[in-house]
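What follows is one structure encoded as structure tokens, with my remarks underneath.
The values are calculated or read from the model by the stated rules, or taken from the named source; none is laboratory data. Keep in mind the model is a prediction, meaning the values are calculated, not measured. When we count neighbours, we look across all protein chains shown, and the Cβ atoms used for this are built from the backbone with ideal geometry, even at glycine. Remember, those area values only see protein heavy atoms, side chains included, never the ligands or the DNA or RNA. Shrake-Rupley method; radii C 1.70, N 1.55, O 1.52, S 1.80 Å.
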Number of protein chains: 2
Amino acid sequence: MIKYPLHLLKLVDTFRKLPGVGTKTAERFAFELSQWPNDRLQEMAKIIQSTSTELKHCHECGCLSEALSCPFCLSASDARYLCIVAMPRDVFAIEATREYQGLYHVLGALLSPLDGIGPERLNIDKLKQRLTNSSIEEVIIALDSTLEGDATALYLKQEFTHLNVRVTRLAFGLPMGSTIDYVDGGTLARALSARARF
Amino acid sequence: MIKYPLHLLKLVDTFRKLPGVGTKTAERFAFELSQWPNDRLQEMAKIIQSTSTELKHCHECGCLSEALSCPFCLSASDARYLCIVAMPRDVFAIEATREYQGLYHVLGALLSPLDGIGPERLNIDKLKQRLTNSSIEEVIIALDSTLEGDATALYLKQEFTHLNVRVTRLAFGLPMGSTIDYVDGGTLARALSARARF
């Protein structure tokens, strides 16, 4: 057993909680911090410390925001569309395309029975409330193309059947720049069945 | 421009200071933290905050330690050998081999004129003091095989000429598990010239 100082082990443990960070990378971060001047350490600690007070969730859509109303809700120019995403980062990804001017709704999670995440963990009550009290004509389901994303999309579709809205989901097909021989069979099959007039 | 909340940008900026972390990874870390419960954030902040008080540098060898004397200095069973390394992490890497029972000395940096790092930035005064007042017979230079490592090794060799110690450097050659056709020419040339009776 290598005799790491206790505090170094604590740093390694805390960095290992970050996504995609294993022991080796966490050790690298920890050794880096051990070289930092104190003011830099204090600055990082202060920013992390104030995260839950500084970062709020929009009361309307659930996205991350500095205030209780987010700029996406305030600036949406076309309130006929509501795009449902899993996490706040998905909102920023869709905004970056500049292709969408409608509203968003962040679920905060995807259904995953194996991880104990059921419908009650999703931000759905607020979603239903928004759909009944508004002029939304189309709900766009923009969830991951994974087992959890598919399950959540199906669940949402059932929940919306009695509502007077069009429900759509992001298209599946070839990613831009891909070659036919490298694309997986599942994607190719979906691209074939969803072929469009050219 | 994507409308990230200000605090999210601050988190991204602070994580980008970690080694090997670019904007994409820093954003991933920042979004992850925005989901964490407050006690977890406070815990991480506290650990980072106390780093400069909790992690000390050994007064003797300069390695990271919980106390002012490190376990490597206290437990070295063969004080005839002194291994010179650049950074504390190198000490832990050599300890993990279980092949060395001697003392260590951490320089804290490598000579790099382009980055403005000259001999005055290296922990050398203490090194000379240790070498003159002790029974050290051999100094093992265990520095990176890079431009900076080579420059520092040469500088140290010159500094030690008037001292009555044997100066050695880690061997260069094929890394374990490598194949001749994939090893670079420089390594192969060093391995050839340093060939040993088999």
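Under 21 Å from the Cα of B:Lys17, which lysines turn up, not counting those fewer than eight places away in the same chain?
A:Lys10, A:Lys17, A:Lys24, A:Lys46, B:Lys46
Pull up all non-local amide H partners of B:His105: gap of 5 or more, or a different chain, and H-to-H distance under 5 Å with H placed in the peptide plane.
Amide H neighbours of B:His105, under 5 Å, 5+ apart: B:Cys83, B:Ile84, B:Val85.
Over the protein assembly as shown, what per residue volume does the convex hull of the Cα atoms give, in whole Å³?
Spread over its residues, the Cα hull of the protein assembly as shown gives 226 Å³ apiece.
Amide H neighbours of A:Ile117 under 5 Å, counting only residues 5+ apart in sequence or on other chains, H built in-plane at 1.01 Å?
Placed amide hydrogens put A:Ser112 under 5 Å from A:Ile117.
When the Karplus curve 6.51 cos²θ - 1.76 cosθ + 1.60 is applied with θ = phi - 60°, which whole-Hz ³J(HN,Hα) does each residue of segment A:64-80 get, with x for Gly and Pro?
5, 7, 7, 10, 7, 10, 8, x, 5, 5, 6, 9, 4, 8, 10, 7, 7
Grab the residue from chain A whose Cβ hugs the A-to-B rotation axis most tightly, plus its distance in whole angstrom.
For chain A, the closest residue to the axis carrying it onto B is A:Ala45, 2.
Under a crude label model (7 Å from the Cα following the beta-carbon direction), how far is B:Ala189 from B:Leu68 in nanometres?
Taking the simple label geometry, B:Ala189 and B:Leu68 are separated by 5.0 nm.
To the nearest 0.05, what FRET efficiency results for B:Phe172 and B:Lys17 with a Förster distance of 51 Å applied to their C-beta separation?
With R0 = 51 Å, the Cβ-Cβ based efficiency is 0.95.
At most 15 other Cβ atoms within 10 Å and a DSSP loop assignment: could you name the GluC sites (Glu not before Pro) in segment B:94-198 that fit?
B:Glu99, B:Glu137
Can you tell me the mean projection area, over all orientations, of the convex hull of chain B's alpha carbons? Units nm², please. It would help to have the intermediate numbers written out before the result.
Details: hull surface 68.2 nm².
Taking a quarter of the hull surface, the average projection is 17.1 nm².
Within segment B:36-129, what whole-number % of the accessible surface is contributed by carbon and sulfur, with the 1.4 Å probe and all protein chains included in the calculation?
On the way: 2380 of 4690 Å².
Of the solvent-accessible surface of segment B:36-129, carbon and sulfur hold 51 percent.
In peptide A:65-71, how many Cβ atoms from other protein chains are near each Cβ within 10 Å, on average?
The per-residue average across the peptide is 2.
Provide the per residue accessible area, probe 1.4 Å, for chain A, rounded to a whole number of square angstrom.
Accessible surface, normalised per residue, equals 58 Å².
To the nearest Å, what is the center-to-center distance of segment A:127-198 and segment B:1-36, using C-alpha atoms only?
29
Tell me the trypsin sites (Lys or Arg not before Pro) within segment B:100-191 that lie in a loop according to DSSP and have at most 13 other beta-carbon atoms within 10 Å.
Answer in residue order: no site qualifies.
Show me, for segment A:175-187, the HN-Hα J-couplings you get by feeding each phi into the Karplus relation (A = 6.51, B = -1.76, C = 1.60, θ = phi - 60°), rounded to Hz, glycine and proline as x.
The phi angles translate into x, 4, x, 8, 10, 3, 6, 9, 6, 5, x, x, 5 Hz.
I'd like the Karplus ³J(HN,Hα) series for segment B:102-112: coefficients 6.51, -1.76, 1.60, θ = phi - 60°, whole numbers in Hz, and an x wherever there's a Gly or Pro.
x, 8, 10, 9, 9, 6, x, 5, 10, 4, 7
From the square roots a ≥ b ≥ c of the eigenvalues of the alpha-carbon gyration tensor of segment A:85-160, which class results: rounded (a/c under 1.5), prolate (a/b over b/c), or oblate?
Oblate.
Inter-copy label distances at B:Gln101, 7 Å along the Cα→beta-carbon direction, one decimal in nm, shortest first?
From this label point to the equivalent ones elsewhere in the assembly: 7.8 nm.
For chain B, set up a GNM with springs between Cα atoms under 10 Å and report which of B:Val139, B:Val12, B:Val106 has the largest fluctuation.
B:Val12
Hey, can you grab everything whose amide H is under 5 Å from the amide H of B:Arg166? Only 5+ residues off in sequence or another chain; H modelled, so Pro and N-termini drop out.
For B:Arg166, whose amide H was placed from the backbone, the distant partners under 5 Å are B:Glu138, B:Val139.
If I model a spin label as a point 7 Å beyond the Cα along the Cα-Cβ vector, how far apart are those points for B:Asn164 and A:Thr179 in nm?
The answer from the label model is 7.0 nm.
Using a Gaussian network model on chain B with a 10 Å cutoff between Cα atoms, which of B:Gly186, B:Gly20, B:Gly108 fluctuates the most?
Answer for the Gaussian network model of chain B: B:Gly20.
Could you check what % of the DSSP bridge pairs in chain A are antiparallel, to the nearest 5? Before the final figure, lay out the partial values.
Working: 3 of 15 bridges.
Beta bridges within chain A, antiparallel portion: roughly 20 percent.
On C-alpha positions alone, give me the angle between the axis of helix B:88-97 and the longest principal axis of chain B, in degrees, nearest 10.
On a 0 to 90 degree scale, this one is about 60.
GNM, chain A, Cα, under 10 Å: largest mean-square fluctuation among A:Tyr155, A:Tyr104, A:Tyr182?
Maximum among the listed residues: A:Tyr182.
Obtain the radius of gyration and the Kirkwood radius of segment A:26-69 from its C-alpha atoms and give Rg over Rh.
Here Rg/Rh amounts to 1.22.
Using a label position 7 Å from Cα in the Cα→Cβ direction, what is the ascending list of nm distances from B:Thr146 to the same site in the other copies?
Taking the point 7 Å beyond Cα along Cα→Cβ, the inter-copy spacings are 3.5 nm.
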